[in-house]
Amino acid sequence: MSWLAARPLALALALALDLVLGDPRYRLHPVRLLGDAIATGERAVLRTALPDRLAGALLAAATVMLAASTALALSLLAWHYGGALGGVAADAILIYFALAGRALADEGHAIRTRLDANDLPGARNALAGVVGRDTANLDESQITRAAIETLGENSVDALIAPAFWALLLGPAGAWLHKAASTLDSMVGYRNEQYARFGTAGAKLDDVLAWVPARLAIPLVAVAAAVVRSDWRTAWSTGLRDRLRHASPNSAHGEAAFAGALGVRLGGVVHYAGVESERAAIGVEFATPSASDLRAAGRLLLAVEMLILVFAATAALALA
(Lines give C-alpha, C1' and ligand atoms only; values in the text may rest on other atoms or scores of the structure.)
Protein backbone atom coordinates (compact mmCIF):
# COMPACT_ATOMS: atom_id res chain seq x y z
CA MET A 1 0.00 0.00 0.00
CA SER A 2 1.34 3.44 -0.95
CA TRP A 3 1.60 6.16 1.66
CA LEU A 4 -0.70 8.27 -0.54
CA ALA A 5 -3.53 5.77 0.01
CA ALA A 6 -2.52 4.97 3.59
CA ARG A 7 -2.95 8.54 4.82
CA PRO A 8 -6.64 9.02 3.89
CA LEU A 9 -7.35 5.42 4.93
CA ALA A 10 -5.92 6.06 8.40
CA LEU A 11 -8.00 9.24 8.64
CA ALA A 12 -11.17 7.41 7.60
CA LEU A 13 -10.55 4.71 10.23
CA ALA A 14 -9.84 7.37 12.87
CA LEU A 15 -13.10 9.16 12.08
CA ALA A 16 -14.98 5.86 12.25
CA LEU A 17 -13.44 5.16 15.66
CA ASP A 18 -14.44 8.61 16.87
CA LEU A 19 -18.02 8.24 15.64
CA VAL A 20 -18.39 4.82 17.28
CA LEU A 21 -16.37 5.23 20.49
CA GLY A 22 -16.38 8.97 21.10
CA ASP A 23 -13.60 10.31 23.29
CA PRO A 24 -13.38 8.26 26.50
CA ARG A 25 -12.24 10.27 29.51
CA TYR A 26 -9.44 8.77 31.53
CA ARG A 27 -6.41 10.09 33.35
CA LEU A 28 -3.82 8.97 30.79
CA HIS A 29 -5.65 10.30 27.74
CA PRO A 30 -3.00 11.82 25.39
CA VAL A 31 -4.73 15.22 25.30
CA ARG A 32 -4.81 15.34 29.11
CA LEU A 33 -1.12 14.41 29.19
CA LEU A 34 -0.46 17.18 26.67
CA GLY A 35 -2.31 19.63 28.91
CA ASP A 36 -0.22 18.52 31.89
CA ALA A 37 2.96 19.04 29.84
CA ILE A 38 1.84 22.56 28.87
CA ALA A 39 1.05 23.44 32.50
CA THR A 40 4.46 22.12 33.61
CA GLY A 41 6.21 23.98 30.80
CA GLU A 42 4.37 27.18 31.64
CA ARG A 43 5.58 27.08 35.24
CA ALA A 44 9.13 26.35 34.08
CA VAL A 45 9.44 29.17 31.53
CA LEU A 46 7.78 31.68 33.86
CA ARG A 47 10.53 31.03 36.40
CA THR A 48 13.10 32.29 33.89
CA ALA A 49 14.00 35.92 33.36
CA LEU A 50 12.71 35.88 29.79
CA PRO A 51 10.14 38.48 28.72
CA ASP A 52 6.60 37.13 28.70
CA ARG A 53 6.26 37.13 24.93
CA LEU A 54 9.54 35.24 24.44
CA ALA A 55 8.74 32.80 27.25
CA GLY A 56 5.38 32.07 25.64
CA ALA A 57 7.03 31.53 22.26
CA LEU A 58 9.48 29.07 23.85
CA LEU A 59 6.59 27.16 25.44
CA ALA A 60 4.71 27.07 22.11
CA ALA A 61 7.73 25.79 20.18
CA ALA A 62 8.53 23.11 22.76
CA THR A 63 4.89 21.96 22.92
CA VAL A 64 4.33 21.54 19.18
CA MET A 65 7.72 19.87 18.74
CA LEU A 66 6.99 17.42 21.55
CA ALA A 67 3.52 16.53 20.29
CA ALA A 68 4.34 16.27 16.58
CA SER A 69 7.65 14.45 17.04
CA THR A 70 6.12 11.91 19.45
CA ALA A 71 3.30 11.15 17.00
CA LEU A 72 5.79 10.89 14.13
CA ALA A 73 8.11 8.59 16.08
CA LEU A 74 5.26 6.24 17.09
CA SER A 75 4.01 6.17 13.51
CA LEU A 76 7.45 5.37 12.08
CA LEU A 77 8.01 2.61 14.62
CA ALA A 78 4.66 1.05 13.77
CA TRP A 79 5.37 1.16 10.04
CA HIS A 80 8.85 -0.28 10.55
CA TYR A 81 7.87 -3.19 12.80
CA GLY A 82 4.24 -3.73 11.80
CA GLY A 83 4.32 -3.17 8.07
CA ALA A 84 1.50 -1.48 6.20
CA LEU A 85 -1.23 -3.05 8.36
CA GLY A 86 0.41 -2.08 11.65
CA GLY A 87 1.35 1.36 10.32
CA VAL A 88 -2.15 2.24 9.16
CA ALA A 89 -3.65 0.92 12.41
CA ALA A 90 -1.24 2.95 14.54
CA ASP A 91 -1.79 6.07 12.44
CA ALA A 92 -5.55 5.68 12.78
CA ILE A 93 -5.33 5.38 16.57
CA LEU A 94 -2.98 8.37 16.84
CA ILE A 95 -5.28 10.51 14.70
CA TYR A 96 -8.36 9.27 16.56
CA PHE A 97 -7.01 10.65 19.84
CA ALA A 98 -6.64 14.09 18.21
CA LEU A 99 -10.31 14.16 17.13
CA ALA A 100 -13.24 15.20 19.30
CA GLY A 101 -16.21 15.53 16.95
CA ARG A 102 -18.35 12.88 18.65
CA ALA A 103 -17.36 14.17 22.11
CA LEU A 104 -18.45 17.68 21.13
CA ALA A 105 -21.81 16.40 19.87
CA ASP A 106 -22.21 14.38 23.10
CA GLU A 107 -21.63 17.53 25.17
CA GLY A 108 -24.40 19.25 23.25
CA HIS A 109 -26.67 16.26 23.81
CA ALA A 110 -25.99 16.32 27.56
CA ILE A 111 -26.94 20.00 27.74
CA ARG A 112 -30.12 19.45 25.70
CA THR A 113 -31.15 16.47 27.85
CA ARG A 114 -31.01 18.64 30.96
CA LEU A 115 -32.93 21.41 29.25
CA ASP A 116 -35.63 18.92 28.19
CA ALA A 117 -35.90 17.88 31.86
CA ASN A 118 -36.21 21.55 32.93
CA ASP A 119 -32.96 21.11 34.86
CA LEU A 120 -31.44 24.58 34.37
CA PRO A 121 -28.73 24.17 37.06
CA GLY A 122 -27.65 20.89 35.46
CA ALA A 123 -27.64 22.45 31.99
CA ARG A 124 -25.53 25.35 33.26
CA ASN A 125 -23.04 22.95 34.84
CA ALA A 126 -22.83 20.88 31.66
CA LEU A 127 -22.30 24.03 29.60
CA ALA A 128 -19.58 25.27 31.96
CA GLY A 129 -17.50 22.24 31.00
CA VAL A 130 -17.24 23.32 27.37
CA VAL A 131 -17.25 27.16 27.42
CA GLY A 132 -15.14 29.80 29.12
CA ARG A 133 -17.97 32.26 29.75
CA ASP A 134 -19.92 32.66 32.98
CA THR A 135 -22.90 30.29 33.04
CA ALA A 136 -24.38 30.67 36.53
CA ASN A 137 -27.17 33.07 35.58
CA LEU A 138 -28.00 31.98 32.03
CA ASP A 139 -31.60 31.21 31.07
CA GLU A 140 -32.66 28.43 28.68
CA SER A 141 -32.29 30.53 25.52
CA GLN A 142 -28.85 31.79 26.55
CA ILE A 143 -27.69 28.27 27.41
CA THR A 144 -28.88 26.99 24.05
CA ARG A 145 -27.24 29.86 22.19
CA ALA A 146 -23.92 29.29 23.96
CA ALA A 147 -24.05 25.55 23.24
CA ILE A 148 -24.75 26.04 19.53
CA GLU A 149 -21.99 28.65 19.34
CA THR A 150 -19.46 26.24 20.83
CA LEU A 151 -20.57 23.41 18.52
CA GLY A 152 -20.24 25.69 15.50
CA GLU A 153 -16.94 27.26 16.50
CA ASN A 154 -15.32 24.04 17.71
CA SER A 155 -16.41 22.08 14.66
CA VAL A 156 -13.17 23.49 13.26
CA ASP A 157 -10.82 22.91 16.21
CA ALA A 158 -12.22 19.54 17.28
CA LEU A 159 -12.84 18.02 13.88
CA ILE A 160 -12.13 19.82 10.60
CA ALA A 161 -8.66 21.16 11.41
CA PRO A 162 -7.15 17.95 12.87
CA ALA A 163 -8.64 15.97 9.96
CA PHE A 164 -7.20 18.47 7.45
CA TRP A 165 -3.70 18.31 8.94
CA ALA A 166 -3.88 14.52 9.32
CA LEU A 167 -4.68 14.25 5.62
CA LEU A 168 -1.69 16.45 4.75
CA LEU A 169 0.91 15.27 7.28
CA GLY A 170 -0.46 12.15 8.95
CA PRO A 171 -0.53 11.76 12.75
CA ALA A 172 2.23 14.36 13.16
CA GLY A 173 -0.01 16.90 11.42
CA ALA A 174 -3.01 16.06 13.57
CA TRP A 175 -0.95 16.47 16.73
CA LEU A 176 0.73 19.62 15.46
CA HIS A 177 -2.71 21.19 15.31
CA LYS A 178 -3.89 19.60 18.57
CA ALA A 179 -0.87 21.04 20.39
CA ALA A 180 -1.51 24.54 19.03
CA SER A 181 -5.23 24.30 19.80
CA THR A 182 -4.60 23.08 23.35
CA LEU A 183 -2.05 25.84 23.89
CA ASP A 184 -4.57 28.43 22.71
CA SER A 185 -7.26 27.06 25.03
CA MET A 186 -4.91 27.15 28.04
CA VAL A 187 -2.80 30.30 27.58
CA GLY A 188 -4.34 32.13 24.61
CA TYR A 189 -6.57 34.44 26.62
CA ARG A 190 -6.69 38.17 26.00
CA ASN A 191 -6.43 39.14 29.64
CA GLU A 192 -3.80 40.72 31.85
CA GLN A 193 -2.17 37.41 32.74
CA TYR A 194 -1.80 36.01 29.21
CA ALA A 195 -2.01 39.02 26.87
CA ARG A 196 1.70 38.71 25.99
CA PHE A 197 2.58 35.22 27.19
CA GLY A 198 -0.12 33.51 25.14
CA THR A 199 0.49 35.41 21.90
CA ALA A 200 2.63 32.76 20.18
CA GLY A 201 0.22 29.92 20.95
CA ALA A 202 -2.81 31.92 19.84
CA LYS A 203 -1.16 33.06 16.60
CA LEU A 204 0.02 29.55 15.78
CA ASP A 205 -3.51 28.23 16.31
CA ASP A 206 -4.85 30.99 14.03
CA VAL A 207 -2.39 30.02 11.28
CA LEU A 208 -3.10 26.27 11.48
CA ALA A 209 -6.87 26.78 11.58
CA TRP A 210 -7.01 29.38 8.78
CA VAL A 211 -7.67 27.00 5.87
CA PRO A 212 -9.82 24.51 7.88
CA ALA A 213 -12.03 27.35 9.11
CA ARG A 214 -12.72 28.37 5.52
CA LEU A 215 -13.47 24.78 4.60
CA ALA A 216 -16.10 24.73 7.34
CA ILE A 217 -18.59 26.73 5.29
CA PRO A 218 -18.84 24.35 2.30
CA LEU A 219 -18.63 21.32 4.59
CA VAL A 220 -21.47 22.54 6.80
CA ALA A 221 -23.52 23.51 3.75
CA VAL A 222 -23.19 20.02 2.22
CA ALA A 223 -23.84 18.37 5.60
CA ALA A 224 -26.93 20.58 5.99
CA ALA A 225 -28.26 19.24 2.68
CA VAL A 226 -27.68 15.68 3.95
CA VAL A 227 -29.71 16.24 7.15
CA ARG A 228 -32.29 18.35 5.30
CA SER A 229 -31.41 21.64 6.91
CA ASP A 230 -31.12 24.87 4.91
CA TRP A 231 -27.87 24.41 2.98
CA ARG A 232 -28.35 27.54 0.87
CA THR A 233 -28.66 29.77 3.93
CA ALA A 234 -25.76 27.94 5.59
CA TRP A 235 -23.66 28.94 2.61
CA SER A 236 -24.89 32.55 2.31
CA THR A 237 -24.86 33.31 6.04
CA GLY A 238 -21.49 31.61 6.40
CA LEU A 239 -19.98 33.82 3.71
CA ARG A 240 -21.65 36.98 4.99
CA ASP A 241 -20.97 36.63 8.74
CA ARG A 242 -17.75 34.59 8.73
CA LEU A 243 -15.60 37.48 9.96
CA ARG A 244 -17.95 38.76 12.67
CA HIS A 245 -15.65 37.71 15.50
CA ALA A 246 -12.47 39.03 17.10
CA SER A 247 -10.68 35.86 15.97
CA PRO A 248 -10.01 35.51 12.22
CA ASN A 249 -11.34 31.94 12.25
CA SER A 250 -13.93 31.50 15.00
CA ALA A 251 -17.01 32.84 13.23
CA HIS A 252 -16.79 30.66 10.12
CA GLY A 253 -18.28 27.55 11.70
CA GLU A 254 -20.70 29.57 13.83
CA ALA A 255 -22.01 31.50 10.84
CA ALA A 256 -22.55 28.37 8.76
CA PHE A 257 -24.34 26.66 11.66
CA ALA A 258 -26.51 29.75 12.24
CA GLY A 259 -27.61 29.77 8.61
CA ALA A 260 -28.24 26.02 8.46
CA LEU A 261 -30.35 26.09 11.63
CA GLY A 262 -31.94 29.51 11.08
CA VAL A 263 -30.88 30.84 14.50
CA ARG A 264 -29.36 34.06 15.76
CA LEU A 265 -26.04 33.80 17.60
CA GLY A 266 -23.83 36.38 19.30
CA GLY A 267 -24.80 39.08 21.78
CA VAL A 268 -23.88 39.79 25.39
CA VAL A 269 -21.62 37.34 27.24
CA HIS A 270 -19.78 37.58 30.56
CA TYR A 271 -16.26 36.39 31.31
CA ALA A 272 -15.21 36.42 34.99
CA GLY A 273 -17.96 38.94 35.65
CA VAL A 274 -16.92 41.28 32.85
CA GLU A 275 -19.53 41.97 30.18
CA SER A 276 -18.57 41.60 26.54
CA GLU A 277 -20.63 42.19 23.39
CA ARG A 278 -20.26 39.78 20.48
CA ALA A 279 -21.43 40.80 17.03
CA ALA A 280 -24.71 39.20 15.97
CA ILE A 281 -24.47 36.28 13.54
CA GLY A 282 -27.63 35.45 11.61
CA VAL A 283 -29.19 38.71 12.78
CA GLU A 284 -32.41 38.12 10.84
CA PHE A 285 -33.19 34.84 12.61
CA ALA A 286 -34.88 34.07 15.94
CA THR A 287 -33.06 33.11 19.13
CA PRO A 288 -32.42 29.35 19.35
CA SER A 289 -34.41 26.78 21.30
CA ALA A 290 -33.54 23.34 22.68
CA SER A 291 -34.77 21.69 19.47
CA ASP A 292 -32.20 23.75 17.54
CA LEU A 293 -29.49 22.32 19.79
CA ARG A 294 -30.60 18.81 18.81
CA ALA A 295 -30.35 19.80 15.14
CA ALA A 296 -26.89 21.30 15.74
CA GLY A 297 -25.64 17.98 17.11
CA ARG A 298 -26.97 16.11 14.07
CA LEU A 299 -25.34 18.67 11.79
CA LEU A 300 -21.96 18.27 13.48
CA LEU A 301 -22.07 14.47 13.16
CA ALA A 302 -23.08 14.85 9.51
CA VAL A 303 -19.98 16.98 8.93
CA GLU A 304 -17.84 14.24 10.48
CA MET A 305 -19.46 11.54 8.35
CA LEU A 306 -18.97 13.69 5.26
CA ILE A 307 -15.22 13.96 5.95
CA LEU A 308 -15.10 10.20 6.55
CA VAL A 309 -16.73 9.51 3.16
CA PHE A 310 -14.29 11.89 1.46
CA ALA A 311 -11.27 10.25 3.13
CA ALA A 312 -12.47 6.72 2.33
CA THR A 313 -13.15 7.67 -1.29
CA ALA A 314 -9.67 9.21 -1.59
CA ALA A 315 -8.10 6.06 -0.13
CA LEU A 316 -9.92 3.85 -2.63
CA ALA A 317 -9.00 6.13 -5.53
CA LEU A 318 -5.31 6.11 -4.56
CA ALA A 319 -5.07 2.41 -3.68
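The values are calculated or read from the model by the stated rules, or taken from the named source; none is laboratory data. Treat the numbers as computed from the prediction; the structure is a model and nothing was measured. Note that we place each Cβ from the backbone using ideal geometry, even for glycine, and neighbour counts take in every protein chain shown.
May I ask you to verify whether A78 is at pLDDT 95 or above and within 17 Å of A103 (Cβ to Cβ)?
On the way: at pLDDT 95 or above: yes; within 17 Å of A103 (Cβ to Cβ): no.
When the stated conditions are applied, A78 does not pass them.
Among the residues of region 117-168, write down those that are closer than 27 Å to L204 by Cα and outside any helix (DSSP H, G or I).
G129, V130, V131, G132, R133, D134, listed by residue number.
Just need a number here: residues in region 160-169 that are touching a helix residue (DSSP H, G or I) at 6+ places or on another chain (Cβ under 6 Å) and surrounded by fewer than 23 Cβ atoms within 10 Å (Cβ to Cβ). Step through it out loud before you land on a result.
In the first step, residues of region 160-169 are kept if they are touching a helix residue (DSSP H, G or I) at 6+ places or on another chain (Cβ under 6 Å); the result is 160-167.
Checking the rest, the ones that are also surrounded by fewer than 23 Cβ atoms within 10 Å (Cβ to Cβ) come to 164, 167.
Selection size over region 160-169: 2.
Could you give every pair whose Cβ atoms fall below 8 Å, whose first residue belongs to region 230-247 and is under 17 Å from E149 (Cβ atoms) and assigned to a loop (DSSP other than H, G, I, E, B), and whose second residue is modelled with pLDDT under 95 and of a type in the set (F, W, Y), counting only separations of at least 6 or pairs across chains?
Correct list of pairs: empty, since none qualify.
Somewhere in region 205-217, is a residue assigned to a helix (DSSP H, G or I), under 19 Å from the mean Cα position of the chain (by Cα), crowded, with 24+ Cβ neighbours inside 10 Å and among the aromatic types (F, W, Y)?
no
Is at least one residue of region 220-230 at pLDDT 95 or above, crowded, with 23+ Cβ neighbours inside 10 Å and under 22 Å from A61 (Cβ atoms)?
No, region 220-230 contains no residue that is at pLDDT 95 or above, crowded, with 23+ Cβ neighbours inside 10 Å and under 22 Å from A61 (Cβ atoms).
Looking at region 1-57, which of its residues are free of Cβ contacts under 8 Å to residues at least 12 places away in the same chain and of a type in the set (D, E, K, R)?
Within region 1-57, R25, R27, R32, D36, R43, R47 meet the criteria.
Any idea which of Y26, Y96 is of a type in the set (F, W, Y) and crowded, with 17+ Cβ neighbours inside 10 Å?
Values: Y26 fails: crowded, with 17+ Cβ neighbours inside 10 Å.
When all the criteria are applied, what remains is Y96.
Enumerate the pairs (first residue in region 59-87 and farther than 30 Å from Y194 by Cβ and assigned to a helix (DSSP H, G or I); second residue anywhere and at pLDDT 95 or above and among the charged types (D, E, K, R)) with beta-carbon separation below 6 Å, excluding pairs fewer than 6 apart on the same chain, so at least 6 apart or on different chains.
From residues that are farther than 30 Å from Y194 by Cβ and assigned to a helix (DSSP H, G or I), the pairs are S75/D91.
Given the residues R43, R102, R114, R53, which is the only one that is assigned to a helix (DSSP H, G or I), basic (K, R) and within 21 Å of the chain's Cα centre (by Cα)? If you could, list the steps in order and put the result at the bottom.
Numbers: R43 fails: within 21 Å of the chain's Cα centre (by Cα); R114 fails: within 21 Å of the chain's Cα centre (by Cα); R53 fails: within 21 Å of the chain's Cα centre (by Cα).
Selected residue: R102, the only one of R43, R102, R114, R53 that is assigned to a helix (DSSP H, G or I), basic (K, R) and within 21 Å of the chain's Cα centre (by Cα).
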